[in-house]
């Protein structure tokens, strides 16, 4: 079942959130949620209040799955763009919704496996390149067959997605720009040479900042503090 098909399940009390709104906070599970449009991200935070992106939620995807087992939520969900969501109580899930949930979980698991491979086996520059390529399949990307794809993402958000800090990601983006793979702008990255960027993502090209210098290794604490709002600075 495709993500487009998943969004055809009947919504219950759809709600609209603006970019930057926090949809869910850590706490008791309160139902299963589905993203109907836009883009959201599941985040946790470190001791300084910096967000660490665990996964992106795309249209048709579900979150809040801990409700199925009566678990407690230990993450935030933030709207990356304007979003519409629907919520169901567990006892409202009919066969069609359960099938949609299963398909969504299978897709999410596959995405998480790919993310784990990036984190465990690749240098930070490769993870940044892979993250930019992954974002081309989200509402953050502007695609035109006659122009390069533009990903509207800040350096802060890229750092949260790859487990690093803004300063290091800025340096790595500069290296990717000097290689001719991307052009870095204000709050956006233009993918001028996707083949070269994929080569970096696959680890075929090396060099640059070592992982040990790049990762944000501050232990996570205070999990009930929301991620601090990010500026639009690149």
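Remarks
- Chain lengthening between residue 144 and residue 69 when straightened (0.36 nm per residue, less Cα-Cα): 22.7 nm
- Cα gyration tensor category, rounded, prolate or oblate, for the range 3-118 with a/c compared to 1.5: rounded
- Förster-model FRET efficiency, 30 Å R0, residue 106 and residue 136, C-beta, rounded to 0.05: 0.85
- Modelled FRET efficiency - R0 25 Å, residue 178 with residue 202, Cβ distances, 0.05 increments: 0.85
- Likely footprinting exposure, 179, 164, fewest C-beta neighbours within 10 Å first: 179, 164
- Proxy reagent accessibility, fewest Cβ within 10 Å first, across 25, 76: 25, 76
- Ratio of Rg to Rh for the range 122-214: 0.93 [Cα atoms; Kirkwood radius as inverse mean 1/r over pairs].
- Modelled FRET efficiency - R0 22 Å, residue 116 with residue 21, Cβ distances, 0.05 increments: 0.15
- Taking the fewest neighbouring Cβ atoms within 10 Å as the starting point, the ordered list for 153, 192, 90 is 90, 192, 153.
Each value in this text was obtained by applying a stated rule to the coordinates, not by laboratory testing. These numbers come from a predicted model, not from an experiment. Backbone-built Cβ (ideal geometry, glycine too); neighbour counts: all protein chains shown.
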